[in-house]
Amino acid sequence: YIPKPVLKYPPLLDIFVTHGGSEVILFFIISAISTCINTNFSSDFSFIKIRSFALQRFFRIYPLYIVWLVIYVLAFSFLRVKHFPNNSDLFLFAFGLFNLKAATQPGIVWASWYIGVQIILYSLFPLIIFANKAGVNTKLIFFISVLTAILIRFTDYGHLAGPLGFLTFLPAYSLGII
């Protein structure tokens with residue numbers, strides 16, 4: 001949908017308005033803010049609290065993903081799709097680790113790249129909170145995540161900071177934690 005008349009906006013916002021994808025970054029920032037508000041690690045940072053956090057996140061996003069993954073795998077095998085994932089890739093898909101490998105980052109389930117990113121970010125969340133409790137400033141964590149995302153692009157692991165790599169979204173997520 002293109003609005004008519006064309007909306008006017010300040011030139012400084014041009015990069016955000018004309019280049020799609022900024023809403024994804026905003027979503028990761030809001031996701032981190034929401035996670036911080038809903039988990040309330042400020043009063044208690046125990047194993048039980050971390051386990052509760054992990055189970056809540058797991059059962060919120062994972063079961064539906066697995067149902068769709070099974071449907072896709074069955075459909076792929078029934079239709080004898082030429083580029084059927086091998087067993088090691090299926091392992092990565094089943095355990096939500098497919099974002100760690102360049103070839104599997106997009107996922108097989110439609111839009112599952114997000115789940116691959118979010119599972120890793122949810123795994124890192126308690127570590128970021130723990131680092132903050134140990135005295136590491138969240139602003140420093142944000143700057144480290146930005147620096148890591150930039151520098152990793154020049155290594156053999158550059159795919160982790162590619163368009164669908166979790167390191168691309170880690171700075172936005174850590175910004176939301178601040």
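The values are calculated or read from the model by the stated rules, or taken from the named source; none is laboratory data. Treat the numbers as computed from the prediction; the structure is a model and nothing was measured. Glycine gets a Cβ as well: all are built from the backbone with ideal geometry, and neighbour counts include every protein chain shown. The protein model used for the area step is the full one, side chains on, heavy atoms only, and it has no ligands, DNA or RNA in it. Shrake-Rupley method; radii C 1.70, N 1.55, O 1.52, S 1.80 Å.
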Discussion item. I'd like to verify a number: residues in the range 41-57 that are under 24 Å from V117 (Cβ atoms) and either in contact with a His (Cβ under 7 Å, 6 or more places away or on another chain) or open to solvent by less than 90 Å² (accessible area, probe 1.4 Å) (or both), how many?
Written reply: 8
Discussion item. So in the range 150-173, with the set limited to residues that are β-branched (V, I, T) and more than 18 Å from F27 (Cα to Cα), which one is surrounded by the most Cβ atoms within 10 Å (Cβ to Cβ)?
Written reply: I152
Worksheet entry | Candidates V117, V81, V146, V70 - the one that is on the phi < 0 side of the Ramachandran plot, outside any helix (DSSP H, G or I) and among the aliphatic types (A, V, I, L, M) | V81
Worksheet item: Can you find even one residue in the range 105-115 that is touching a Gly at 6+ places or on another chain (Cβ under 7 Å), open to solvent by 40 Å² or more (accessible area, probe 1.4 Å) and modelled with pLDDT of 85 or more?
Response: yes
Discussion item. Pull out all pairs, ordered by first then second residue, where Cβ-Cβ is under 8 Å, the residues are six or more apart or on different chains, the first lies in the range 69-92 and is open to solvent by 50 Å² or more (accessible area, probe 1.4 Å), and the second is part of a loop (DSSP other than H, G, I, E, B) and β-branched (V, I, T).
Written reply: Y72/I108; Y72/V109
